[in-house]
Amino acid sequence: MNTFSRRTLLGLGAATAAAITVPGCSGKSGPMRVSWYGPDPVTKALNKALDAWKSSGGAEYSAESAPFDDYWDKLATQTSGNNAPDVLRMSMSYFSDYAGRSALKDLGSLGIDTSGLDKDVAASGVADGKNYGVGQSSISYSMYVDEGAIKNAGGTVPAQGWTWDKFAEFARDYSGSVQGAFGSSDQAGNFQLFEVYARQHGTEMFSDDGGKLLTTKETVQEWFQYWADLRNAKAAPPQNVSGETTGIEKSLIATGKAPLQFGWVQQVTFYQPLVKSPLTVLPVPQGKAGDLTGQFVKGLDLWCISAASKHPEDAAKLIGFLLNDEKAIKAIGILLGVPPSKKARDLVSADAGSAGARAIKYVEDLAGKVGPSPKPWPKGYGELLTGFDRIAENIGFGKSTPAAGAQEFVDLAGKTLGQ
Amino acid sequence: MRRVLAHAGLTAGALIMLYPLLWMISASLRPNNEIFDRPGLIPEHPTLGNYALGWSSTGTSFGIYIMNSLIICAAVVIGNVLTCSLTAYAFARLTFVGRKTLFALMLATIMLPAHVTLIAQYSIFRKLNWIDTFWPMIVPSFLATDAFFVFLMVQFIRSIPVELDDAARIDGCGAWGIYRRIILPLLSPALVTTAIFSFIWTWNNFFSQLIYLSTRTRLTVPVALRGFLDATGSSEWGALFAMSVVTLVPVVVVFVIFQRRILAGMAHTGLK
């Protein structure tokens with residue numbers, strides 16, 4: 001028994017551990033994995049599209065999905081654990097972070113058919129000259145207007161939307177004539193609407209390399225002041241009301257306390273079921289009437305392939321299938337946004353009276369009138385997004401002023417960008 | 001008179017504490033558009049529709065999620081009770097080389113934030129090919145990795161008089177026999193506490209279940225519940241509240257059953 005010392009035991013233990021681990025290392029690669037974020041209807045639609053992929057002879061796959069916020073926790077862990085899914089849904093808010101850390105594959109040589117796609121969308125995933133993702137949808141910022149409510153209050157809705165000045169006037173009139181309602185919800189903290197406003201002031205929001213904020217402090221201040229004035233005139237709700245009306249079900253338009261709402265165009269389909277009369281989709285307010293160059297059409301959600309994928313060819317084929325196959329297009333509908341190709345839009349917009357068809361028509365009408373689409377949002381965009389909202393909230397609660405807030409945001413951008 | 005006042009105060013306090021729970025139950029009985037409309041507790045158009053919807057709307061029966069959660073919880077409870085008590089016994093009663101250092105190391109793992117070890121853990125489980133299985137949740141509990149419970153039991157065992165061990169040794173018990181016949185029975189209140197907390201914490205543990213499980217039929221209750229909410233779309237509040245109520249049932253049942261045991265355990269520990 002003397003030979004069986006503690007050291008041999010340790011050695012044995014280590015050897016056993018190695019023996020267990022090694023087969024894992026060589027990696028049973030398993031079928032291709034497809035992963036996405038989105039609410040339940042998105043998951044159901046994509047599962048249906050994947051069924052179509054399988055029945056048309058596509059490769060084996062396994063599907064994963066999670067709600068938006070959780071998806072990023074999971075994907076970050078999977079990516080750093082070297083176990084990212086092969087095909088994954090990527091949001092523009094995180095795109096530069098993943099592309100910049102070489103977590104995504106260059107799709108250049110994989111031959112995904114994007115010939116039918118809108119040009120701006122097909123190029124949405126280009127960073128540093130490489131194509132890291134293909135847009136899933138053509139979307140643009142918009143406002144949804146309850147025309148019935150506005151007519152009842154004696155107002156009118158211009159066909160091309162308002163200018164910012166006219167919009168303020170309208171909001172004041174509406175709040176004055178309808179008891180307990182506001183002309184608009186408070187959008188001071190809406191960074192994505194602000195991007196349109198910033199572009200109306202002549203520059204892109206970020207420099208091409210994503211390292212600098214081009215929008216001036218004056219523009220930011222003007223924006224915060226605009227909404228502060230609307231709040232003071234009771235045309236927009238005070239901050240405590242805004243704080244309680246986040247989320248679609250609780251939004252002012254859903255509860256009948258405001259006649260309009262801002263958002264990405266496809267989200268009109270989430271608001272429509274909660275509002276009795278049909279919602280009209282309009283461009284957001286403009287600096288000069290009818291000049292829509294502040295807006296842009298872009299794919300803000302992308303299909304990507306992870307850099308570590310063991311099935312890049314199948315993954316590329318699947319992405320091509322989801323974009324171009326008739327059955328897949330019909331299954332997805334407008335749940336991922338307005339479809340990115342003419343062919344898909346025609347297939348989906350059959351139901352003419354629906355909010356979805358109005359969203360599609362909006363994007364088609366907009367094409368040609370909007371400005372050039374900006375580069376992918378830079379690294380650190382997520383931080384600016386939440387920071388902007390936080391600053392706006394502080395101003396709303398009177399803890400800061402538009403001037404101080406604008407300075408704070410410019411400082412934040414200086415610290416966050418170009419890292 | 002004072003008692004009446006005290007009771008009135010306590011009742012009011014209890015109602016305030018209970019209100020969120022009652023509100024959830026009431027919300028689960030309302031149609032979606034009524035949930036945030038009125039603050040009151042009585043639904044205007046009560047319906048059980050949310051329960052039917054929530055049970056089946058994800059395409060997989062909610063019963064499967066509950067079953068998955070129960071399997072994991074049961075395994076974790078067994079693992080923690082068995083191995084943490086054994087480890088605690090070793091730390092409290094046996095003498096071996098490096099005991100103090102190892103004990104300190106074990107305590108240090110409590111203070112380590114989970115995020116620090118997350119990625120290393122994930123890599124290990126991936127190499128073992130355990131991603132998308134229950135093993136990453138279950139196996140660690142059989143290795144006494146929950147230092148909190150170990151610590152809890154070490155403290156408890158230290159309060160048991162060593163004379164009992166000595167007496168058992170005279171009667172011919174070895175270390176194992178003392179653990180089996182003396183320590184384990186006397187430890188039952190701590191075991192019950194461990195079991196209850198293991199169950200509740202695992203039942204509610206969202207993060208690791210989110211990270212490790214992917215296939216729909218392997219998901220657990222907390223992950224499935226989150227699926228009803230999504231910031232980018234409309235949330236199914238009614239279904240969420242209905243299934244939350246359903247989810248509460250096992251926790252309440254476990255607690256009610258084990259609570260009696262706690263009291264029984266307390267009574268047994270008194271030295272006669």
What is the helix-to-structure angle for A:68-80, meaning the angle in degrees between its Cα long axis and the longest Cα principal axis of chain A, kept from 0 to 90 and rounded to the nearest 10?
30 degrees
What figure, in Å² to the nearest 10, do you get for the accessible area of residue A:329 with a 1.4 Å probe and non-protein molecules left out?
10 Å²
Taking a probe of 1.4 Å and counting only protein heavy atoms, give the total accessible area buried between chains A and B in Å², rounded to the nearest 100.
2700 Å²
Beyond 25 Å (Cα-Cα) in this structure, taken from A:217/A:369; A:54/A:379; A:298/A:379; A:44/A:317; A:74/A:330, we find A:217/A:369; A:54/A:379; A:74/A:330
Over all distinct Cα pairs, what is the inverse of the mean 1/r for the protein assembly as shown, reported as the Kirkwood hydrodynamic radius in Å?
29.0 Å
Please compute P(r) over all alpha-carbon pairs of the range A:332-419, binned at 5 Å starting from zero, and give each bin as a whole-number percent.
3, 12, 15, 12, 10, 10, 13, 13, 8, 4, 0
Pairs of Cα atoms farther than 20 Å apart, the range A:257-364, %
51 percent
For the range A:227-288, calculate the relative contact order in percent as a whole number, restricting contacts to Cα pairs under 8 Å that are 6 or more residues apart.
20 percent
Largest first and rounded to whole Å, the semi-axes √(5λ) derived from the alpha carbon gyration tensor of chain B read 41, 27, 15
DSSP H helices in chain B with Cα extent of 27 Å or more along the helix axis and mean Kyte-Doolittle hydropathy at least -1.0?
B:2-28, B:237-269
Compute the acute angle (0 to 90°) between the alpha-carbon long axis of helix A:381-396 and the principal axis of greatest extent of the alpha-carbon atoms of chain A; round to the nearest 10°.
40 degrees
Taking the convex hull of the alpha carbon atoms in the range B:1-124, what volume per residue do you get, in Å³?
266 Å³
Put B:93, B:99, B:180 in order of accessible area, largest first, probe 1.4 Å, and you get B:180, B:99, B:93
List the trypsin sites (Lys or Arg not before Pro) in the range A:288-332 that DSSP assigns to loop (not H, G, I, E or B) and whose Cβ has at most 15 other Cβ atoms within 10 Å. Which are they?
A:288, A:310
Taking every other residue with Cβ under 14 Å from the Cβ of residue A:155 and scoring Lys and Arg +1, Asp and Glu -1, one gets -1
Along each principal axis of its Cα atoms, how long is the range A:52-129 end to end? Whole angstroms, biggest number first, please.
36, 34, 22
Tally up the carbon and sulfur contribution to the accessible surface of the protein assembly as shown as a whole percent, 1.4 Å probe, everything protein left in place.
61 percent
Can you give the calculated 222 nm mean residue ellipticity of the protein assembly as shown, where each DSSP H run of n ≥ 4 adds -39,500 (n - 2.57) and the sum is split over every residue, rounded to the nearest 500 deg cm²/dmol?
-16500 deg cm²/dmol
Roughly how compact is the range B:36-90, stated as its Cα Rg over 2.2 N^0.38 Å to two decimals?
1.99
Could you state the accessible area per residue of the range A:110-152 in Å², with a 1.4 Å probe and every protein chain left in place?
39 Å²
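Over the range B:2-47, with the other protein chains present, what is the accessible area per residue in square angstrom, probe 1.4 angstrom?
Accessible area per residue: 74 Å².
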What residues have an amide H closer than 5 Å to that of residue A:206, excluding those fewer than 5 places away on the same chain, when H is modeled at 1.01 Å from N in the peptide plane?
A:214
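So what's the projected area for the range B:121-204, the Cα convex hull averaged over all directions, in nm²?
Mean orientational projected area (the range B:121-204, Cα hull): 7.0 nm².
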Give me the angle, in degrees from 0 to 90, between the Cα long axis of helix A:402-416 and the longest principal axis of the Cα atoms of chain A, rounded to the nearest 10.
20 degrees
Note on the range B:61-269: contact order normalised by length, alpha-carbon pairs under 8 Å, 6 or more apart, percent, works out to 33 percent
Residues along the range A:38-78 losing 30 Å² or more of accessible surface when the other protein chains are present rather than the chain by itself (probe 1.4 Å)
A:39, A:40, A:44, A:67, A:68, A:70, A:73, A:74, A:77
Using a 1.4 angstrom probe and counting only protein chains, how large is the accessible area of residue A:174 in Å², to 10?
20 Å²
If the cut-off is a Cα-Cα distance under 18 Å, which aspartates and glutamates reach residue A:212, setting aside same-chain residues fewer than 8 apart in sequence?
A:97, A:128, A:195, A:204, A:383, A:408, A:411
So which residue, out of A:89, A:33, A:101, gets the largest mean-square fluctuation from a GNM of chain A using Cα contacts under 10 Å as springs?
A:101
Applied in sequence order to the range A:230-247, the curve 6.51 cos²θ - 1.76 cosθ + 1.60 (Karplus, θ = phi - 60°) yields integer Hz couplings, x standing for Gly and Pro, of 5, 5, 4, 7, 6, 7, 10, x, x, 4, 5, 5, 4, x, 9, 10, 7, x
For the range B:59-129 the chymotrypsin sites (Phe, Trp or Tyr not before Pro) that pass both the DSSP coil test and the at-most-10 other-Cβ-within-10 Å test are B:96
Compactness of the range B:2-47, expressed as Rg and Dmax over alpha-carbon positions, Å:
14.1, 45
Which pairs, out of A:130/A:361; A:166/A:257; A:166/A:399, put more than 23 Å between their alpha-carbon atoms?
A:130/A:361; A:166/A:399
Any aspartates and glutamates whose Cα falls less than 15 Å from that of residue A:310, other than same-chain ones fewer than 8 residues away, would be A:60, A:86, A:106
Take every Cα pair under 8 Å in chain A that's 6+ residues apart, average their separations, divide by the length, and report that relative contact order as a whole percent.
27 percent
Would you compute the Debye intensity of the range A:192-266 from its alpha-carbon atoms alone, equal scatterers and no solvent, and pass along log10 I(q)/I(0) at q = 0.18, 0.24 Å⁻¹ to two decimals?
-0.89, -1.12
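Whole number in Å², please: accessible area per residue of the range A:269-395, 1.4 Å probe, ligands, DNA and RNA not counted.
On a per-residue basis, the range A:269-395 sits at 39 Å².
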Give me the percent of DSSP beta bridges within the protein assembly as shown that run antiparallel, rounded to the nearest 5.
70 percent
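If DNA, RNA and ligands are ignored and the probe is 1.4 Å, what is the ranking of A:311, B:7 by accessible area, most exposed first?
B:7, A:311
The values are calculated or read from the model by the stated rules, or taken from the named source; none is laboratory data. Everything numeric here is computed off the predicted structure, so don't read it as measured data. Because the Cβ atoms are built from the backbone with ideal geometry, glycine has one as well, and the counts that use them run over all protein chains shown. Note: areas computed on protein heavy atoms with side chains; ligands, DNA, RNA excluded. Shrake-Rupley method; radii C 1.70, N 1.55, O 1.52, S 1.80 Å.
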